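Notes to accompany the following structure.
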Amino acid sequence: MSTDSTRELLRAVGVAPSILSADFGALRSQVKEVLAAGARVIHVDVMDGRFVPPITVGPLVVEALSGVVREAGGALEVHLMIERPERQVAEFAKAGADSITFHAEATPHVAYTANLIHESGACVGLAINPATPVGALAEVADAIDLALCMTVNPGWGGQPFIEHSLEKLPRVRALVGGEVAVEVDGGIDPTIAPRCRRAGASLFVAGSAIFHAPDPAAAYRAIADSLEEA
Ligand code: DX5
Ligand code: ZN
């Protein structure tokens, strides 16, 4: 998918299912299910056991999903929770990542990494942890397509939403302007999503609220519908 089309998908108000809480034995069919329900951004959480304690998946899983996501006209958004993300950008881009998000806390070379992702042909996302001041986004706001404001401490699905995020989101939005997607990740459900929407978020990652539900497609739609009323 071209960067322009990916940017459009990222910027649209929407829900990005996170496969972290999916059944990995049935990963492709679970992804197909949420794509059929209307999802167009699929969120893949990459953890290295260093930046965050758990280890999850790498480029092989991105590659395994890229076909099914592309066929549906969707985009694969890779959330790198790894140290020195600049060293892995090329591999994830080659595997089919349409957008690559890295953490400001994970490298001293934020501008360099943003540029590397851009040159790889993927959209650029920059993430900040709950305790990281929004100013971490300031000097590169022009170089990113997406700002990810973590609403839990990264590393695990199923954690409760950090309420302080609602005070932070308007500052993130003011800093990056209207053209950049503002994404929230962690503890998002149909009650919390509209509150984040009103605070300035536009893209809503949801893992356990979708994939731990008995009907993931219905759970996806419930969050999407909650945004219509926001
Ligand atoms: C956590 C990940 C999230 C995770 C969110 O570090 O970045 O994407 O899947 O899970 P929920 O939606 O269950 O909080
Ligand atoms: Zn994530």
Query - Some residue of region 107-124 being under 18 Å from the mean Cα position of the chain (by Cα), on the phi < 0 side of the Ramachandran plot and within 15 Å of ligand 1 (Cβ to nearest atom) - result: no
Query - Scope region 13-49; condition more than 16 Å from ligand 1 (Cβ to nearest atom) and open to solvent by 50 Å² or more (accessible area, probe 1.4 Å); matching residues - result: Val13, Gly25, Arg28, Ser29, Lys32, Glu33, Ala36, Arg40
Query - Close pairs from region 53-70: first at pLDDT 95 or above, partner of a type in the set (A, V, I, L, M, F, W, C) and open to solvent by 90 Å² or more (accessible area, probe 1.4 Å), Cβ under 9 Å, at least 6 apart - result: Pro53/Trp156; Pro54/Trp156; Val57/Phe24; Val61/Phe24
Query - Ser29 being at pLDDT 95 or above, of a type in the set (Ser, Thr, Tyr) and over 15 Å from the mean Cα position of the chain (by Cα) - result: yes
Report summary line: If we take region 35-135, then helices (runs of 4 or more DSSP H) inside it with 3 or more residues that are in contact with a strand residue (DSSP E or B) (Cβ under 8 Å, 6 or more places away or on another chain) and within 17 Å of Ala16 (Cβ to Cβ) are 59-71
**Report entry** Matching residues, region 151-185, being under 22 Å from Ala106 (Cβ atoms), in contact with a helix residue (DSSP H, G or I) (Cβ under 7 Å, 6 or more places away or on another chain), in contact (Cβ under 8 Å) with a residue 40 or more places away in the chain and within 16 Å of ligand 1 (Cβ to nearest atom)
**Finding:** Thr151, Gly157, Ala181
**Report entry** Residue count for region 125-150, restricted to those that are within 16 Å of ligand 1 (Cβ to nearest atom) and aliphatic (A, V, I, L, M)
**Finding:** 8
Query - Residue pairs meeting the criteria (Cβ under 7 Å; at least 6 apart or on separate chains; first away from ligand 2 (no atom under 15 Å from the Cβ) and aromatic (Phe, Trp, Tyr), in region 195-220; second assigned to a helix (DSSP H, G or I) and open to solvent by less than 10 Å² (accessible area, probe 1.4 Å)) - result: Tyr220/Val34; Tyr220/Ile210
Query raised in the report: Got a number for residues in region 212-230 being modelled with pLDDT of 95 or more and either small (Gly, Ala, Ser) or surrounded by 22 or more Cβ atoms within 10 Å (Cβ to Cβ) (or both)?
Result: 10
Report task. Give the residue that is surrounded by the most Cβ atoms within 10 Å (Cβ to Cβ), with candidates limited to residues of region 50-97 that are within 16 Å of ligand 2 (Cβ to nearest atom) and small (Gly, Ala, Ser). Result -> Ala97
Query raised in the report: In region 1-12, how many are under 23 Å from Cys196 (Cα atoms), open to solvent by less than 70 Å² (accessible area, probe 1.4 Å) and not small (Gly, Ala, Ser)?
Result: 4
Query raised in the report: Do we find that Ala201 is under 20 Å from Ala75 (Cβ atoms), buried (at least 19 other Cβ atoms within 10 Å of the Cβ) and within 14 Å of ligand 1 (Cβ to nearest atom) in this structure?
Result: yes
Query raised in the report: So Trp156 fits all but one of (1) open to solvent by 50 Å² or more (accessible area, probe 1.4 Å); (2) part of a helix (DSSP H, G or I); what number is the exception?
Result: (2)
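The values are calculated or read from the model by the stated rules, or taken from the named source; none is laboratory data. Not measured: the values here are computed from a predicted model. So basically every Cβ, Gly included, is an ideal-geometry build from the backbone, and we count neighbours across all protein chains shown. These area figures cover heavy atoms from the full protein model, side chains too; ligands, DNA and RNA do not enter into them. Shrake-Rupley method; radii C 1.70, N 1.55, O 1.52, S 1.80 Å.
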